[in-house]
Amino acid sequence: LGAEDGSTIAIETSTGSVRAVLQCAPDVREGVVSIAHGFEAQGGTGQGACTSALVDDASDYEPLSGLPRMSAIPVRVRLAGGGAS
């Protein structure tokens, strides 16, 4: 991607996308994205990273409880202003 810590990235699913600030972590496996919900991409800009935008609650849910899948969701990551990965 050419991204580094502090870069603004877009995390996308078939349902939606959020913007986030990249922070690499040695304890997160390569190819995995870990994102805490509710943090803003750029402090105070209103560009919130509400992870519910990434969840498909209309068709990807557990049939007995009705709870949507909220982990192990396939995503695409790209620089917020650039090309896809």
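Here is the figure for segment 3-20: residues that are within 10 Å of the chain's Cα centre (by Cα) and β-branched (Val, Ile, Thr) total 4. Can you find, within segment 9-41, the residue that is nearest to Ser59 (Cα to Cα) among those that are open to solvent by less than 30 Å² (accessible area, probe 1.4 Å) and of a type in the set (Val, Ile, Thr)? My answer is Thr13.
State whether one or more residues within segment 39-46 are modelled with pLDDT under 85, at positive phi and part of a loop (DSSP other than H, G, I, E, B). Yes, there is a match, as at least one residue in segment 39-46 is modelled with pLDDT under 85, at positive phi and part of a loop (DSSP other than H, G, I, E, B).
Residues of segment 14-38 that are closer than 15 Å to Ile73 by Cα and at pLDDT below 80: Ala36, His37.
The values are calculated or read from the model by the stated rules, or taken from the named source; none is laboratory data. Just so we're clear, the structure is a prediction, and the values are computed from it rather than from any experiment. For the accessible areas, the whole protein counts, side chains as well, though only heavy atoms, and no ligand, DNA or RNA atoms are used. Shrake-Rupley method; radii C 1.70, N 1.55, O 1.52, S 1.80 Å.
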